[in-house]
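Each reported figure results from applying straightforward, stated rules to the coordinates on display, with no laboratory input. The structure displayed is predicted, hence computed values, not measured ones. With ideal geometry, Cβ positions are generated from the backbone for all residues, glycine too; neighbour counts draw on all protein chains shown.
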Amino acid sequence: MRVRIQSATIRHFRNVSFGEIRFPCNMASDIFSMKSDVLGIYGQNGSGKTTFIDVLEVLKCLLSGAPIKDHLENCISKGRNGSELSFEFSVEDDQGYKFRVVYSAQMGLDYLNESVKSSVFQSGEWSRMNPIMETCSTDTKVLITPDTKKRELFGKKTQILDELRVTKRLCAKEHRSFLFSNEIFVLLQEGSGNTLWYHMLAALRHFAGASLFVVNNRGAGLSTMETELPVIYRKENSLGQLKLPLDQPAIIPAVDFSIAREVISTINVVLREVIPGLEIELAPLGKEFTEQGGIGIQAQLVRTISNSETNEAIQLPLKYESEGIKKIISILHLFICAYNSPGITLAIDELDSGIYEYLLGELLQIMQKSGLGQLIFTSHNLRPLEMLNSNSIIFTTTNPKSRYVRASNIKPSNNLRLRYFRDITLGSDGEELYQETNSIEIAHAMRKMGIPSVDRTMEGG
């Protein structure tokens, strides 16, 4: 089962009135290619880079059936009643069926309208893009349209339809997706006469819960940057996840402790190459009961170093490490997962924060050349512009009605970094990429707001 984001369209979300992004994989001849898909977003502060990471966080909530109201309160553009998101996916299920799927959501603080459209690849060609399910949270009479698909998916049993009606009201009250709620998938299993569409919908939901990882700087995502190490491991039919704090001990269920240590040992194989000599360990501090009454192990992430005088190993808590070290450790396991699995999508805000410029470029080039998964990142460091293919770079603009663009007419011999600087300095042929700042005005403003007790006339005298 493999899902990959092909494109995204955003309307009235924070500082984006309209923005559209096509991923590199969508520009390839085979959208189901097993090659990696790397997308970097660059631009001026406040121009919409982090907005796209926030959009992916909302998408994850929608497709996993989680409430979205807290996310929306600060995300709807000023003067608007709601936002609209639309994503196209490529989906390949375990039976070998291939789908193109478009999921759209119109969202306000008191409504959530959704639609799923899909095309399936059969007999060597794509079928028409037809609606599978559409719903309006404020319409209490109509559950799902089109009616033919509702009967095909849920059957005609009165009990199932009554439960659908209750589920729709509950989802509207809790402001979460109706089409991807836990309850609706139970009803789909009971009533679905069309397993083809059920598997497609289940693949999207599984993608959100087990394969889409969003790392941001505000603690709204899977991992708060530089405070947690996400540990992912495979179960029989799904992925398990643990979050290990970097700055304090944690109580880990005994059954998960050995798994976590095994995962950390695999992280060390790469970590030693990325930062020579660095290894981490999950050090046990003693047994303790968990909140559920089971046996847990109190443990802390530490760095193991050797005492040069006694040759003895010394363990130091990771909370004393630099922010750059903690940043690399916090994302490395997810990076490894994305490198090795074509079904993983990893989105990281400010990937360059605290990471050495040369190392950043090397990691991204390795991912693009030999990785398998999908990586989305924002950055201020321009080194990747020299290391990645030009179609892997998106620039933000100063125009909120056309927020994302690619550089045009780029030849393989061109240096995209120099071209970007030129477009900033001299202006580009298309949208403006940088709202010019005036250094003289900035200096004047700083002097105007300076500390009164400081007498600048006395400088140097």
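For mean projected area of the Cα convex hull in nm², several values are listed as [x] 30.6; [y] 25.9; [z] 22.3; flag the one computed from this structure. Among [x] 30.6; [y] 25.9; [z] 22.3, the one derived from this structure is [x].
Which entries of 141/173; 49/319; 69/173 show an alpha-carbon separation above 19 angstrom in the structure shown? Before the final figure, lay out each step's value.
Working: 141/173 16 Å; 49/319 29 Å; 69/173 10 Å.
Distance filter (> 19 Å) returns 49/319.
Cα centroid separation, the range 374-407 to the range 315-362: 20 Å. Computed log10 I(q)/I(0) for the range 46-102 at 0.14 Å⁻¹: -0.51, from the Debye equation with unit scatterers placed on every C-alpha and solvent omitted. Highest mean first, the peptides 437-447, 158-168 sorted by other C-beta atoms within 10 Å per residue fall in the order 158-168, 437-447.
For a footprinting-style exposure proxy, rank 242, 170, 59 by other Cβ within 10 Å, fewest first.
The most exposed by this proxy come first: 170, 242, 59.
Per-residue ellipticity at 222 nm for the chain, helices alone: DSSP H runs ≥ 4 residues times -39500 (n - 2.57), over residue total, nearest 500 deg cm²/dmol?
On the way: 12 runs with 149 residues, N = 461.
Taken over the chain, the calculation gives -10000 deg cm²/dmol.
Listed by chain and number, the aspartates and glutamates whose C-alpha is less than 20 Å from the C-alpha of residue 243, apart from same-chain residues fewer than 8 away, are 57, 226, 228, 256, 262, 279, 281, 288, 291, 321, 323, 349. Where both bridge residues fall in the chain, DSSP classifies roughly 80% of the beta bridges as antiparallel.
Placing +1 on each Lys and Arg Cβ and -1 on each Asp and Glu Cβ, with no other charges, gives the range 66-143 a dipole about its Cα centre of roughly 240 debye.
Here the residues 291, 20, 386, ranked from fewest to most Cβ neighbours within 10 Å of their Cβ, fall in the order 291, 386, 20. From least to most packed, judged by other beta carbons within 10 angstrom and beginning with the fewest, 2, 422 follow the order 422, 2. Span-like helix check, the chain: qualifying full DSSP H segments, with Cα axial length of 27 Å or more and mean Kyte-Doolittle of 0.5 or more, are 254-274.
Over the chain, what is the relative contact order in percent, taking alpha-carbon pairs closer than 8 angstrom and at least six residues apart?
Numbers: 858 pairs, mean separation 83.7, N = 461.
Normalised by residue count, the contact order of the chain is 18 percent.
Loop-located trypsin sites (Lys or Arg not before Pro) in the range 103-157 (DSSP state other than H, G, I, E, B) with a sparse environment of at most 16 neighbouring Cβ atoms within 10 Å: 128, 141, 156, 157.
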